[in-house]
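Enquirer: Pasting a structure below so you can have a look.
The values are calculated or read from the model by the stated rules, or taken from the named source; none is laboratory data. Keep in mind that what you see is a predicted model, and the values were worked out from it rather than measured. Glycine gets a Cβ as well: all are built from the backbone with ideal geometry, and neighbour counts include every protein chain shown.
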Amino acid sequence: MALEKQITQDKIEVVGRFKSVQVRTKTAVLEDGVELSATFSRHVVHPGDDLTSETSEVQAICAAVHSAEVLAAYQAHIASNSGASD
């Protein structure tokens, strides 16, 4: 009986006006190659975020969709809403 923990980014999506990149990470426990359980977590990468801890695949997607125009529009949106309360 061999238990194995397998971590994969099983879904990467580009969403919204500012091309935010959503990354879903799956953590699975396998016994002899058969999945016993799995959990999921998500995080979002916004234009201008630090990409050093992201995988090369996520970095490549961000480089493709986070153009200078998208970054400028996102920064303007953040600046215009910085004084707003929820």
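Enquirer: Which one is farthest from CYS62 (Cα to Cα), of the residues in region 8-29 that are surrounded by 14 or more Cβ atoms within 10 Å (Cβ to Cβ) and out of contact with any strand residue (DSSP E or B) (no Cβ under 8 Å at 6 or more places or on another chain)?
Expert: This residue is PHE18.
Enquirer: Another question, then. Which pairs have Cβ atoms under 7 Å, sit 6 or more apart or on different chains, and link a residue in region 31-49 that is under 30 Å from HIS77 (Cβ atoms) and at pLDDT 95 or above to one that is of a type in the set (D, E, K, R) and part of a loop (DSSP other than H, G, I, E, B)?
Expert: Filtered contacts from region 31-49: VAL45/GLU54; PRO47/LYS19.
Enquirer: While we're here: Which residue out of ALA73, ALA79 is surrounded by 13 or more Cβ atoms within 10 Å (Cβ to Cβ), part of a helix (DSSP H, G or I) and over 19 Å from the mean Cα position of the chain (by Cα)? Spell out the reasoning first.
Expert: On the way: ALA79 fails: surrounded by 13 or more Cβ atoms within 10 Å (Cβ to Cβ).
Of the residues listed, the single one that is surrounded by 13 or more Cβ atoms within 10 Å (Cβ to Cβ), part of a helix (DSSP H, G or I) and over 19 Å from the mean Cα position of the chain (by Cα) is ALA73.
Enquirer: While we're here: Restricting attention to region 30-48, which residues are in contact with a strand residue (DSSP E or B) (Cβ under 9 Å, 6 or more places away or on another chain) and either assigned to a helix (DSSP H, G or I) or under 22 Å from ARG17 (Cβ atoms) (or both)?
Expert: Residues of region 30-48 in contact with a strand residue (DSSP E or B) (Cβ under 9 Å, 6 or more places away or on another chain): 30-33, 35-47.
Hits for region 30-48 are ARG42, HIS43, VAL44, VAL45, HIS46, PRO47.
Enquirer: Let me ask something additional. What about GLN59, is it of a type in the set (S, T, N, Q), surrounded by 12 or more Cβ atoms within 10 Å (Cβ to Cβ) and either in contact (Cβ under 8 Å) with a residue 24 or more places away in the chain or in a helix (DSSP H, G or I) (or both)? Break it down stepwise before answering.
Expert: Values: of a type in the set (S, T, N, Q): yes; surrounded by 12 or more Cβ atoms within 10 Å (Cβ to Cβ): yes; either in contact (Cβ under 8 Å) with a residue 24 or more places away in the chain or in a helix (DSSP H, G or I) (or both): yes.
Here the answer is yes, as GLN59 does meet what is asked.
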